[in-house]
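See structure below.
The values are calculated or read from the model by the stated rules, or taken from the named source; none is laboratory data. These numbers come from a predicted model, not from an experiment. We place every Cβ from the backbone using ideal geometry, glycine too, and count neighbours over all the protein chains shown. Accessible surface areas use protein heavy atoms only, side chains included; no ligands, DNA or RNA. Shrake-Rupley method; radii C 1.70, N 1.55, O 1.52, S 1.80 Å.
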Amino acid sequence: SIASADMDLNQLEAFLTAQTKKQGGITPDQAAVIAKFWKNHRTHIHESLINQSRWDNVLKNMNWRVDLKSQLRHLDQINTPVAIVEMELGKNGQ
């Protein structure tokens, strides 16, 4: 819960206090250890979670255009917009 919410120190303190008061929760000593660990490793944990949730491929380039059909056999299809999208994907970091 702490990592997924990327809690700041105030949120962390409130969360851990609630966990110590909850029946079957954690002890104050455990809360202190968790708080110290989070303070020291918050940035690393946050970056790790982002890297784990990111796709392997990244969008390197994107081109798009909208075309209108001006000549067709059937009159109801004239001026029908058609979107053309071209996306170039690459591996993360390459």
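So is I84 in contact with a helix residue (DSSP H, G or I) (Cβ under 9 Å, 6 or more places away or on another chain) and β-branched (V, I, T) or not? Please lay out each step first, then the result.
Details: in contact with a helix residue (DSSP H, G or I) (Cβ under 9 Å, 6 or more places away or on another chain): no; β-branched (V, I, T): yes.
Taking the combined requirement at face value, the residue does not satisfy it.
Evaluate the following for A18: is it modelled with pLDDT of 90 or more, open to solvent by less than 100 Å² (accessible area, probe 1.4 Å), over 30 Å from E86 (Cα atoms) and in contact with a helix residue (DSSP H, G or I) (Cβ under 6 Å, 6 or more places away or on another chain)? It is false that A18 is modelled with pLDDT of 90 or more, open to solvent by less than 100 Å² (accessible area, probe 1.4 Å), over 30 Å from E86 (Cα atoms) and in contact with a helix residue (DSSP H, G or I) (Cβ under 6 Å, 6 or more places away or on another chain).
Taken over segment 21-52, the criterion of being under 30 Å from E86 (Cβ atoms) and open to solvent by 90 Å² or more (accessible area, probe 1.4 Å) is satisfied by N51, Q52.
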